[in-house]
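Student: Here you go, one structure.
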Amino acid sequence: MENILEEVQGEESKKTIGKRRLLALATLAAAGLSIKPLIEKAHAASGQPLYIGSAENAADDGDETMLTVKVDSAPMQDIWEGLVPLPSALTVKNTGIQQSSPPVHHPPIGILGICDNGMGVSGLSDSHLGVHGRSTHGIGTAGKTEDGIGVQAIAESEDGTALKVEGKSSFSTVGSGTIPRLRKSFTVSVASGLMTDKSHVSVTLTSDPTVLGGDAAVSWIQRDPANSRFTINLTKAVGRDTTFTYFIVEP
């Protein structure tokens with residue numbers, strides 16, 4: 001019983017401290033004094049408000065903040081190009097301008113999610129988009145990693161589709177070149193790290209390789225990942241300069 005009373009008194013003490021802290025900050029603000037140093041050192045207890053411009057930590061392990069709003073409609077907002085209806089429970093906007101010179105790689109960020117041992121940002125939906133990324137002139141959604149997987153698409157059943165692309169797609173492992181006339185083989189160099197000793201290399205001739213008829217086709221591909229290159233071996237020498245495209249992918 002004494003332990004329970006101590007816990008209740010402790011919670012009441014936190015709430016009292018929170019109210020006293022608000023009154024103190026309001027008094028300082030009314031007097032024209034800066035309250036930022038006090039806010040920066042804050043550790044919010046459960047039930048206390050968050051302060052804009054401060055770095056706050058929940059006082060108790062397991063505490064989480066949840067915002068639930070029923071939004072059936074919302075005014076038009078110019079979040080994307082033009083005006084679109086955006087019924088949102090929470091909207092965060094960064095109006096800062098990148099000041100560094102030369103510019104840093106990343107522009108200002110609206111929302112940043114950080115987690116040491118889990119997911120930084122997670123989006124869930126029963127019937128629509130779990131996470132939606134959109135940009136008018138830049139990258140809608142980006143995923144990066146040093147030695148893992150930048151972006152992973154998973155279909156959890158045979159009825160699902162792991163990845164669907166609408167519109168043009170571009171891969172750094174796709175390229176093109178020209179085989180000079182009278183050559184029966186041709187070596188192509190690629191950027192370091194784009195090919196392994198198990199890579200699947202597809203090559204398609206995209207112009208007529210002969211002058212007087214006969215078939216000149218791709219016979220086999222010799223991979224040389226140590227030197228970041230592969231060699232196209234043909235069934236016969238091409239009778240004219242012959243263009244080709246290639247695609248490298250991991251099995």
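Student: Please specify each residue of region 114-128 satisfying the condition of being more than 29 Å from G193 (Cα to Cα) and over 15 Å from the mean Cα position of the chain (by Cα).
Tutor: L124, S125, D126, S127, H128
Student: Sticking with this structure for a sec: Name the single residue that is modelled with the lowest pLDDT among those in region 148-166 being within 19 Å of G133 (Cβ to Cβ) and polar (S, T, N, Q).
Tutor: Going through the qualifying residues, I end up with Q152.
The values are calculated or read from the model by the stated rules, or taken from the named source; none is laboratory data. Not measured: the values here are computed from a predicted model. For neighbour counting, all protein chains shown are included, and Cβ atoms are generated from backbone atoms with ideal geometry for every residue, glycine included.
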